[in-house]
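Here is the structure we will look at.
The values are calculated or read from the model by the stated rules, or taken from the named source; none is laboratory data. All figures in this text were calculated on a predicted structure; none of them were measured in a lab. So basically every Cβ, Gly included, is an ideal-geometry build from the backbone, and we count neighbours across all protein chains shown.
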């Protein structure tokens, strides 16, 4: 890990929180001119940071600590009844590990997902959102027969896998619960690679879109600088 040059961190401007509508948010971001590499990124992930494109950030809100970064202990993970049903339902999917980078055919699938799940029509810049030139990113592809119905972008770290984003065909992938299956697949893949953790992102108790993570047990959260167990909610 190279800290021969100072690691500068800057606060962003205040903005409306995307997860808790009544809150004002801001982030702390790593200096974009810092020569990021995977060893430093791994250290930052373990310290509560995440990545969006080439920007490495963490929440830095003055009066709110609702965003808790999480990690799943892959060797201790046991799927619950609902997760076992999901695995059984998706046993016919073909999973392809793409280590060659972003593919143009991902754009249409991502655009359909945005329109359906987030009422957003702007898929421009998806490649920049999912990748960074310094980052070892895998694209896990899920096929029903020969049709691509889901993609999970995953960063491969020394300590584990960091789930960046998963998107899928709103109808076919949605019926299959591809989001759940993608995370379970990452847990099993990390285990097969001798890795300790999958980092699924921030858990927010009072946000329906973000509180599902405690279904994956055992789950730990970084609370005031210490990793602590998070019970299922």
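Within the range 199-215, how many residues are closer than 9 Å to residue 70 by Cβ and more than 14 Å from the chain's Cα centre (by Cα)?
Of the residues in the range 199-215, 1 are closer than 9 Å to residue 70 by Cβ and more than 14 Å from the chain's Cα centre (by Cα).
Quick check: anything in the range 120-128 loosely packed, with under 15 Cβ neighbours inside 10 Å and in a helix (DSSP H, G or I)?
Pass one, the range 120-128, residues loosely packed, with under 15 Cβ neighbours inside 10 Å: 120-122, 124-125, 128.
Right, trim to in a helix (DSSP H, G or I) and you get 128.
Yes, that holds for at least one residue.
Output the residues belonging to the range 184-233 that are in a loop (DSSP other than H, G, I, E, B), touching a residue at least 24 places away in the same chain (Cβ under 8 Å) and touching a helix residue (DSSP H, G or I) at 6+ places or on another chain (Cβ under 7 Å).
Residues satisfying the conditions are 204, 205, 216, 233.
Being surrounded by 16 or more Cβ atoms within 10 Å (Cβ to Cβ), farther than 23 Å from residue 47 by Cα and at pLDDT below 95 is the requirement here; does residue 144 meet it?
Values: surrounded by 16 or more Cβ atoms within 10 Å (Cβ to Cβ): yes; farther than 23 Å from residue 47 by Cα: yes; at pLDDT below 95: no.
Here the answer is no, as residue 144 does not meet what is asked.
Would you confirm whether any residue within the range 60-71 is under 20 Å from residue 198 (Cβ atoms), surrounded by fewer than 17 Cβ atoms within 10 Å (Cβ to Cβ) and touching a helix residue (DSSP H, G or I) at 6+ places or on another chain (Cβ under 9 Å)?
No: the range 60-71 contains no residue that is under 20 Å from residue 198 (Cβ atoms), surrounded by fewer than 17 Cβ atoms within 10 Å (Cβ to Cβ) and touching a helix residue (DSSP H, G or I) at 6+ places or on another chain (Cβ under 9 Å).
Within the range 146-173, how many residues are assigned to a strand (DSSP E or B) and in contact with a helix residue (DSSP H, G or I) (Cβ under 7 Å, 6 or more places away or on another chain)?
Adding up the residues that qualify gives 16.
Of the residues that make up the range 157-176, is at least one within 30 Å of residue 35 (Cβ to Cβ) and free of Cβ contacts under 8 Å to residues at least 24 places away in the same chain?
Yes, the range 157-176 contains a residue that is within 30 Å of residue 35 (Cβ to Cβ) and free of Cβ contacts under 8 Å to residues at least 24 places away in the same chain.
I'm trying to understand the selection: among the residues of the range 31-40, which are in contact with a strand residue (DSSP E or B) (Cβ under 9 Å, 6 or more places away or on another chain), assigned to a helix (DSSP H, G or I) and within 17 Å of residue 6 (Cβ to Cβ)? Walk me through it before giving the result.
First pass over the range 31-40, keeping only residues in contact with a strand residue (DSSP E or B) (Cβ under 9 Å, 6 or more places away or on another chain): 31-32, 34, 36, 38, 40.
When the remaining residues are screened for being assigned to a helix (DSSP H, G or I), the result is 38, 40.
Within the range 31-40, 40 is the sole residue that qualifies.
When you look at residue 182, is it modelled with pLDDT of 95 or more, under 12 Å from the mean Cα position of the chain (by Cα), crowded, with 21+ Cβ neighbours inside 10 Å and under 19 Å from residue 87 (Cα atoms), yes or no? Working first, answer last.
On the way: modelled with pLDDT of 95 or more: yes; under 12 Å from the mean Cα position of the chain (by Cα): yes; crowded, with 21+ Cβ neighbours inside 10 Å: yes; under 19 Å from residue 87 (Cα atoms): yes.
Yes: the conditions hold for residue 182.
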